[in-house]
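First up is the structure itself, then whatever we jot down about it.
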Amino acid sequence: MVRIVDKTSRRNSILSATVHTYLNNAQPISSEILADDFGLSSATVRNVFAELEETGYLTHPHTSAGRVPTDKGYRYYVDFLMSEIQLLEEEKRTIIDEYKNKLGTLEDALEKTSQIIAQISHCTGIVSLLEWKDKLFYKGLSYVLEQPEFQNAQKIKMLVELLEEKKELLAILNRSFNEPVKIYIGSEIECPLIQDTCSLIVSNYNKKNRQKGKLVILGPRRMNYDSLIPALEFISEMLNKTLDQIE
């Protein structure tokens, strides 16, 4: 009996598995790592890797034969995920509990939210307010600096500069979008200071249905998008409810 192979489906599955595995271990992915999971030979997986590299979804560091995702590879992974992801009830409860303490002022609520984003994401949590054109609340920079992508002093300097100077970051955050959550991966950020290393997950928040500002997860391109995208969307919902109770 002739076995019919859906090569497109197999290629997409291997791409998703490569990105997912790299998100978790930050090491280039070899064909041997995935071969057993797919019931394929290492040579077959290497051939698929070569196709994915030729089409721009994967690349490989010069010092390793393993592959890592490109911005295009991350983008496929995120777009593939968007129809499937949802926040676990346990994670929702954690976020709800964080908002139980009374927050008397707008500033208290925004500062608390940046802290919640950082704690949930283990990345940098940022909150902007459109009315305060030069003000940002951010927490969790240390989380990002612990990641292997930021062991280079120059990359640390550029990230700190972006947060402290604010103007360029605010220009990025204030871009309009219609989706509940907008994801900028690497070069999509269009900011030389961080586009080689970072991604941004951005959501709007409102008070009494009037847009107030943006909530942001800033972290390495190698983020756990599948949990962080719904988490930020839920935090936005909780902040909206909190702000509606603040005069």
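Read the figures in this text as sums done on the coordinates, not as results from a lab. Everything numeric here is computed off the predicted structure, so don't read it as measured data. Here the Cβ is made from the backbone with ideal geometry for all residues, glycine too, and neighbour counts use every protein chain on show.
Using a Förster radius of 45 Å, what is the FRET efficiency between R93 and S41 based on their Cβ-Cβ separation? Nearest 0.05, please. The partial results should precede the final answer.
Values: r = 45 Å, r/R0 = 1.00.
It comes out at approximately 0.50.
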Check your understanding: Taking θ as phi - 60°, what are the ³J(HN,Hα) couplings along the stretch 206-216 by the Karplus curve (6.51, -1.76, 1.60), each to the nearest whole Hz, with x for Gly and Pro?
Key -> 9, 10, 6, 6, 10, 4, 10, x, 10, 10, 9
Check your understanding: Helix 7-25 versus the longest principal axis of the chain: what is the Cα-based angle in degrees, 0 to 90, to the nearest 10?
Key -> 50 degrees
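Could you order peptides 145-151, 30-36 by the average number of other Cβ atoms within 10 Å of their residues, highest first?
In decreasing order of mean packing, 145-151, 30-36 become 30-36, 145-151.
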**Study point:** Burial ranking of peptide ranges 118-131, 14-27 (average Cβ count within 10 Å, highest at the top)
**Key:** 118-131, 14-27
Check your understanding: Among the lysines, which have Cα under 25 Å from the Cα of K155 when same-chain residues fewer than 8 positions away are ignored?
Key -> K72, K135, K139, K166, K167, K182, K214
Study note, to complete from the structure: Quick numbers on the chain, Rg and Dmax over C-alpha atoms in Å, give 19.8, 72
**Study point:** Mean separation of Cα contacts under 8 Å (6+ apart) over length of the chain, as relative contact order %
**Key:** 18 percent
Practice item. Sort out for me the Cα centre separation of the stretch 204-247 from the stretch 102-148, rounded to whole Å. Key: 10 Å
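Hey, got the dipole for the chain? About the Cα centre, +1 on K and R Cβ, -1 on D and E Cβ, debye to the nearest 20?
Working: 30 positive and 35 negative charges, 70 e Å.
Roughly 340 debye for the chain.
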Exercise for review: Take the alpha carbon gyration tensor of the stretch 7-81, find the square roots of its eigenvalues, order them as a ≥ b ≥ c, and report rounded if a/c is under 1.5; if not, report prolate when a/b exceeds b/c, else oblate.
Suggested key: rounded
